[in-house]
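Right, one structure below, let's go through it.
Every number in this text was worked out from the coordinates using simple rules, so none of it is lab data. Just so it is clear, the structure is predicted and the values come from calculations on it, not from any experiment. With ideal geometry, Cβ positions are generated from the backbone for all residues, glycine too; neighbour counts draw on all protein chains shown.
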Ligand SMILES: [Zn+2]
């Protein structure tokens, strides 16, 4: 459509917009509305499915503003593309929907601080921080310290899961002192996520299911 639109003459001052120009504009608006609708459907589908399967969600406290900050110099184009995709997936909305849906069933969402944890630069196995992993062109991470190798996004989620379940080596076991907070303000605890998970599961009517992990991480 954008291509077609460029071929049509935009109305100038004092000139009536052509019928073809109006038509192409209507078509463009229609398509945009369709994309928005599809995205909304997808967001609801994904969050409903996660909320159905898990009582506890773990996610990052996102700062979309920061994530989509304009890049300068090298990598500018790539960053622009990334910004577009971040905004088009709608992370903030996903987090909001997921939190709402998990809480609806008496569950809980844990938010981990991205800036302290640096989940995408931390090795899930030995906890070493690798600044070079911040370069998003590295899609596959091999830890120079311990040799652990994992796909970037999987590694990130692994960190979130490890932190939430007190299994990340080198990090303390107090989620509060790490700067994590939960979706329910009355849930103040310094204990482990495992205890919390057990407590929560007793509350919910879900059958004990050894195969389902108590928490899921959304990175
Ligand atoms: Zn390592």
Please report how far the C-alpha centroid of segment 132-170 lies from that of segment 41-61, rounded to the nearest whole angstrom. 22
Mind giving me the FRET efficiency for residue 61 and residue 13? R0 is 35 Å, r the Cβ-Cβ distance, nearest 0.05 is fine. 0.15
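Could you order peptides 12-21, 101-110 by the average number of other Cβ atoms within 10 Å of their residues, highest first?
Peptide ranking by packing, descending: 101-110, 12-21.
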For residue 5 and residue 103, what does the FRET efficiency come to when R0 = 30 Å and r is the distance between their Cβ atoms, rounded to the nearest 0.05? 0.10
What is segment 115-162 by shape, rounded, prolate or oblate, if you read a ≥ b ≥ c off the alpha carbon gyration tensor as root eigenvalues and call it rounded for a/c under 1.5, prolate for a/b larger than b/c, and oblate otherwise? rounded
Starting from the Cα-Cα distance between residue 21 and residue 177, subtract it from 0.36 nm times their residue separation and give me the gain in nm to one decimal. 50.3 nm
So for R0 = 30 Å, FRET eff. of residue 129-residue 96 from the Cβ-Cβ r, to 0.05, ends up at 0.50
